[in-house]
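**Student:** A single structure is presented below for examination.
The values are calculated or read from the model by the stated rules, or taken from the named source; none is laboratory data. Not measured: the values here are computed from a predicted model. Neighbour counts are summed over all protein chains in view; Cβ atoms, including those assigned to glycine, are modelled from backbone coordinates with ideal geometry. Surface areas here come from the heavy atoms of the whole protein model, side chains and all, with no ligands, DNA or RNA. Shrake-Rupley method; radii C 1.70, N 1.55, O 1.52, S 1.80 Å.
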Amino acid sequence: MKKIKIILILSMLVCSISFITGCNIIKSNEDANQNVSKYSVADTLVKQFEKEIKTEKDMEKVAKKLAKNEVIKTKIEVSPLQKEEYLSGFKKEIKGYRKVVTMRPIISSIPFVAYLFETDDVDSLVSTLKENADLRWNICTEADEMKISKESNYVFFIMSPKTFDEE
């Protein structure tokens, strides 16, 4: 009888410890997920742009690094565009830049587009982009937010969903 009581007590102790440890692991995972989702896609990519452009001046290389960020849950095409080429996402033609690289999803129904510009007049370009951005440029969908960052003579412009996670 003593052996059964001891086994029963030990079993309850092991179960209690397992339960407490399991709850802490779940809580830690929830905290980690909250930290990841604290920033939107645009916020995350803007922060990365600001870091990357300080050490790498090749806009295409910077864009490729941004396109590989884990917050983007789809395949992104990165390509330099010609100065006269159409830039989607705006109410009118955008001018006032020397070079531009675009980041677009392969699947066109995703409301995501980003551009890295090189320009001589950063403030003027930023103003033009803000005034002419159209969050609803994509026929079937609409971007949740638009962000612009400037660093030296570079401008990063992005329109995107807040997250790529399915709701």
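**Student:** How many of the residues making up segment 95-121 are within 12 Å of Phe157 (Cα to Cα) and either among the polar types (S, T, N, Q) or outside any strand (DSSP E or B) (or both)?
**Tutor:** Of the residues in segment 95-121, 2 are within 12 Å of Phe157 (Cα to Cα) and either among the polar types (S, T, N, Q) or outside any strand (DSSP E or B) (or both).
**Student:** Quick check on my filter: what residues within segment 96-107 are open to solvent by 100 Å² or more (accessible area, probe 1.4 Å) and at pLDDT 90 or above?
**Tutor:** Residues satisfying the conditions are Arg98, Lys99.
**Student:** Still on this model: Out of the residues in segment 76-95 meeting the condition of being of a type outside the set (Ser, Thr, Tyr) and touching a strand residue (DSSP E or B) at 6+ places or on another chain (Cβ under 7 Å), tell me which one is most open to solvent (accessible area, probe 1.4 Å).
**Tutor:** Within segment 76-95, the first condition is being of a type outside the set (Ser, Thr, Tyr), and the residues that meet it are 76-78, 80-85, 87, 89-95.
Add one more test, that the residue is touching a strand residue (DSSP E or B) at 6+ places or on another chain (Cβ under 7 Å), and what stays is 76-78, 80-81, 87, 89-90.
Values: Ile76: 21, Glu77: 90, Val78: 29, Pro80: 72, Leu81: 21, Leu87: 11, Gly89: 1, Phe90: 18 Å².
Looking at the filtered set, the residue picked out is Glu77.
**Student:** Are there any pairs with C-beta distances below 7 angstrom linking a residue in segment 45-62 that is over 11 Å from Glu151 (Cβ atoms) and free of Cβ contacts under 8 Å to residues at least 12 places away in the same chain to a residue that is of a type in the set (Val, Ile, Thr) and surrounded by 13 or more Cβ atoms within 10 Å (Cβ to Cβ), with the two at least 6 apart or on different chains, and if so which?
**Tutor:** These pairs meet every condition: Glu56/Val62.
**Student:** Quick one: Arg136 ticks every box in (1) in contact (Cβ under 8 Å) with a residue 24 or more places away in the chain; (2) farther than 14 Å from Lys95 by Cα bar one, so which box is it?
**Tutor:** (1)
**Student:** Can you find a residue in segment 62-74 that is assigned to a strand (DSSP E or B) and surrounded by 13 or more Cβ atoms within 10 Å (Cβ to Cβ)? Break it down stepwise before answering.
**Tutor:** Let us first name the residues in segment 62-74 that are assigned to a strand (DSSP E or B), namely none.
No: segment 62-74 contains no residue that is assigned to a strand (DSSP E or B) and surrounded by 13 or more Cβ atoms within 10 Å (Cβ to Cβ).
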